[in-house]
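Enquirer: Structure provided below as structure tokens; questions to follow.
None of the figures in this text is laboratory data; all of them are computed from the coordinates on show. All of these numbers come straight from a predicted model, not from anything done at the bench. Cβ sites come from the backbone with ideal geometry, for glycine too, and all protein chains shown count toward neighbours.
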Amino acid sequence: MSIATTVQASLGLEAFVARSAGHGTALSAMGIPTRRVEEWRYTPLRAFADTVWAESPALSDAHAQTLLAGLPLPEAGSHVVFANGRKVEALSSLSDSISQSAVETAEPFEDRFSAVLNAALMQDGLSVRVPAGTDAGLLTLVSLTAGENISTHLRHQIVLEEGASLTLFDVNAGEGRYVTNPRFDIVVGKSARLTHVKLQQESLTAGHLAIVAASVDANGNYDSFTLNNGSELARHEVVATLTAAHAQVHVNGIQIVDGSRLNDLTSMIHHAAPDCGSRQTVKTVLSENGQGVFQGKILVDRIAQKTDGYQMNQALLLSEKAQINSKPELEIYADDVKCSHGATVGALDDEQLFYLRSRGIPEAEARDILVRAFLLDALDLVTDETLRALLQGSIRA
Amino acid sequence: MPAVTETRETVEKLAKSSYEWGFETDIEMDIAPKGLNEETVRLISARKEEPEWMLEWRLKAFRMWLEMKEPEWAKVSHPPIDYQDAHYFAQPKKKPGPKSLDEVDPELLKTYAKLGIPLHEQALLAGVEGADEQKRMPVAVDAVFDSVSVATTFRKTLEEAGVIFCPISEAIREHSDLVKQYLGSVVPAGDNFFAALNSAVFTDGSFVYVPKGVRCPMELSTYFRINARNTGQFERTLIIVEERASVSYLEGCTAPQRDENQLHAAVVELIAMDDASIKYSTVQNWYPGDDEGRGGIYNFVTKRGACRGARSKISWTQVETGSSITWKYPSCVLAGEGSVGEFYSVAVTNNHQQADTGTKMIHLAPNTRSTIIAKTISAGKSDSTYRGLVRMQPKARNARNFTQCDSLLIGDQCGAHTVPYIESRNMTARIEHEATTSKISEDQLFYCRSRGLSEEDAVGLIVNGFCREVLKELPMEFAVEAQKLLQISLEGSVG
């Protein structure tokens, strides 16, 4: 992994390092990546680097309540709410089947900027463990942020013991101009299953730099779906490692990009054991001046024979000014594998549009039908009907 | 299947000698002292009797090169290259002005014989049966023996058609205006580290000019060959094809076995005007190094074609089996409306070879189309990477791209990587990309074995099938040679 050889000084960097209280060594060594850094060539952090992001002040429970009221949330299951980087006890309740502990400070890993930033500035987070053989049902984790030029850095640790299962609904929302930088460290035990459904609905002037590190043990499943729906600039980054035989990983995503916004989905699926499988379907719809980024890498170690890896990413361009940058990458060191990726970029099919219009469907509606149809198979992963309906309702197509 | 029998024979022969085409010809050389500085550049320019502007151009490139850093992004590793520890100019000593081919050094002709060039050409070069030129296969050879083009055949036929095909050093002297106008217009001197180096010290290469409306009457062919110990090979090729004209150009190479790594940094520039078409085919078989990867050639090449005219077409076809390190991205800049770019590639790596190769398709104009078919085969302890870029600029309305990258892994110690960059800034442009990585299927292998083929032959057959889409793009005689090369390159990788 390449790191900027010369760290570019910036207001943002200085402020972050000053706030880090001694945890910022790795951050100041790395700096805020410029476009010369390969991993960030399509996602410029210039505006981000030029701002002094202050420590987030506490948010009143009442304010948090108001923000919550506007969100599509399921009623059932456990709820945990964070507001401006602090847990709101009054709005949180965990099921007895989940055990909770204090979240630990983390080491940065693999020189990934979002992780390094989080390690330097971590505030709070949720650390939960689902005991062996337990189905903990649905856990809704809401992260709210409100303010101007503030940043939050939450770190969540989620451990599923052997045979455990959990559905995590990870909702991110807020108002104002801020940066959120959540980090998840996920451990999926043997035969355990975590379904991670994320709704990124941050303020349209916010920045969102999320990173998920997941390791999946034998026969375990990590199924993730992300709806990148908000933020001025957002990256959802997943680093998933399949550590033992028959582990499975899904990293699906939908990105809806309009205005002058940029949404980025970056993933690295690391097959470190034989007989594992990974599947990825990412769809991006771009309108106005929207910019979409997809960077997906499948890394197959020499030991990971019989790997079955598949990745599909498709982009639909709805306007003259929109742009998509896509980099699907395969790095393979084992010979007995089946790995493939596909990518398509294009506009709506005129013939399909004509077909619908000839059946009396108005153009706007016909377009809407086609866009939704385009997105559908990425959403297939979300089997929970309630969540699926909530997500579908949130898509700003 | 005759091709298979032939391949088997070739492989058997090869089993005995580790690198059949590894030999060194003993010809007197005129060598410049080691090292690279302005003096070296001046010396090369003076030896080539170049006009003043050319020297200035070289010096400018050299000064740019001094400011540049060697690129590090490619997925290859090698010990640092000492650019001062090489000769930048080596020229076989010639008798003054050989007027006819039979004055050519017999050692040199022997070299051609060993190369196994389709040498009905050889007889011509030797001047034995020179009389009935017209009856032969229409292939013109501009033989680059180390850094100087020694002889160019078929010159007369080409001259009659109005085609200029000569060493670039001659073109600089005799077609100065054309060279001045186009040299560096596709690959500027400061384009990248290796292109700058080449621009400063290139010693020879080919120049082709096809005038308006002319269909080049024969395939043009250059056989590159690195001969002297420690001479960097810096070839420069410039091909200009005017309106409604077309040309097919073949480039193939072998190199003698040696211990020290050799640097090769060529630059190829293609220019196609309205309705012109250029087909550029390469079979690259430079010495890949021994089983441990020692002593092979470093091949850092910049190849780029500009489709300047409407409906022009540039097609790159390459079969890369040699070199210890390959760094090569033949590209097309599609600036003419409706122009077409094609890239067909087979890259085979074995033992410790490393290849980082691919293409760039830059769509600037409406209705441009590009096709990329890349087949990568890794065996032994080698690493092979496809790295490609498809970019649709805002004006590329209704542009189309189709990309297919397939990798085949043979053995569990090698690596195959795919790094495509897909960038679209026009909603009406359509891009399709697909990539697969797999090994040779047991079913196919079993099928072949049950019909009595040895494992090695079966692999050869399957690999040739895997590469068929690319091989069929090659001119006939190259296709045969390429099939053999594939088999030879994979020798010892199975069983």
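Enquirer: Hand me the tally of lysine pairs in the range B:351-442: alpha carbons under 19 angstrom apart, and the pair either on different chains or 8 or more positions apart.
Expert: 4
Enquirer: As a check on your grasp of the helix formula, calculate [θ] at 222 nm for the protein assembly as shown: sum -39500 (n - 2.57) over DSSP H runs of n ≥ 4, divide by the residue count, round to the nearest 500.
Expert: -6500 deg cm²/dmol
Enquirer: Amide H to amide H under 5 Å from B:Gly305: which residues, 5+ apart in sequence or cross-chain, H placed 1.01 Å off N in plane?
Expert: HN-HN under 5 Å from B:Gly305: B:Leu270, B:Ser331, B:Cys332, B:Val333.
Enquirer: Ranking request for peptides A:76-86, A:325-335: highest mean number of other beta-carbon atoms within 10 Å first, then the rest in descending order.
Expert: Highest mean packing first, the order is A:325-335, A:76-86.
Enquirer: What's the Cα-based Rg to Rh of the protein assembly as shown, Rh via Kirkwood?
Expert: So for the protein assembly as shown, dividing Rg by the Kirkwood Rh gives 1.02.
Enquirer: Normalised by the number of residues in the range A:59-348, what is the relative contact order in percent for Cα pairs under 8 Å and 6+ residues apart?
Expert: Relative contact order for the range A:59-348 comes out at 10 percent.
Enquirer: Which percent, to the nearest 5, of DSSP beta bridges fully inside chain A are antiparallel?
Expert: Expressed as a percentage, antiparallel bridges in chain A total about 5.
Enquirer: So, with +1 on the Cβ of K and R and -1 on the Cβ of D and E, and no other charges, what is the size of the charge dipole of the range A:90-183 about its Cα centre, to the nearest 20 debye?
Expert: Using only the charged Cβ atoms, the result is roughly 200 debye.
Enquirer: Ok, one more. Check which residues have an amide H placed less than 5 Å from B:Arg311's amide H, if you skip close sequence neighbours.
Expert: Close amide H contacts, sequence-distant or interchain: B:Asp275, B:Glu337, B:Gly338, B:Ser339.
Enquirer: Which whole number gives the average count of other chain Cβ atoms within 10 Å of the Cβ atoms across peptide B:72-79?
Expert: Mean partner-chain Cβ count within 10 Å for B:72-79: 1.
Enquirer: Let me ask something else about it. Based on Cα coordinates alone, diagonalise the gyration tensor for the range A:24-74, multiply each eigenvalue by 5, take square roots, and list the semi-axes in whole Å, largest first.
Expert: They are 33, 17, 10 Å, listed from largest to smallest.
Enquirer: Then there is this: What's the tally of Lys pairs in the range A:173-315 whose alpha-carbon atoms lie under 20 angstrom apart, where the two lysines are 8 or more places apart or on different chains?
Expert: Total qualifying Lys-Lys pairs in the range A:173-315 comes to 4.
Enquirer: What average number of partner chain Cβ atoms lie no more than 10 Å from the Cβ of the residues making up A:313-322?
Expert: 3
Enquirer: Sort B:418-431, A:47-60 by the packing proxy (mean of other Cβ within 10 Å over each peptide's residues), most packed first.
Expert: Ranked by mean Cβ neighbours within 10 Å, highest first: B:418-431, A:47-60.
Enquirer: Continuing with this model, one more query. Could the peptides B:196-207, A:131-142, A:231-242, B:386-397 be put in order, highest first, of the mean number of other beta-carbon atoms found within 10 Å of their residues?
Expert: B:196-207, A:231-242, B:386-397, A:131-142
Enquirer: Let me confirm one metric for peptide B:429-442, namely the mean number of other chain beta-carbon atoms within 10 Å of its residues' beta-carbons.
Expert: 6
Enquirer: Output the antiparallel fraction of DSSP beta bridges having both residues in the protein assembly as shown, as a percent to the nearest 5.
Expert: About 10 percent, rounded to the nearest 5.
Enquirer: Based on alpha-carbon positions alone, could you give the equivalent ellipsoid semi-axes of chain A from the gyration tensor, as √(5λ), descending, whole Å?
Expert: Sorted largest first and rounded, they come to 29, 26, 24 Å.
Enquirer: For the protein assembly as shown, with the dipole built from +1 on Lys and Arg beta-carbon atoms and -1 on Asp and Glu ones, taken about the Cα centre, which of B:Val163, A:Cys339, A:Thr51 lies farthest toward the positive end?
Expert: B:Val163
Enquirer: Pick from A:Ala213, A:Ala90, A:Ala29: which residue has the top mean-square fluctuation in a GNM of chain A where Cα pairs under 10 Å get a spring?
Expert: Between A:Ala213, A:Ala90, A:Ala29, it is A:Ala90 that shows the largest mean-square fluctuation.
Enquirer: Through the Karplus equation 6.51 cos²θ - 1.76 cosθ + 1.60, θ set to phi - 60°, convert the phi angles of the range B:188-201 into ³J(HN,Hα) values in whole Hz; use x for Gly and Pro.
Expert: x, 3, x, 4, 7, 3, 6, 5, 5, 4, 4, 4, 6, 10
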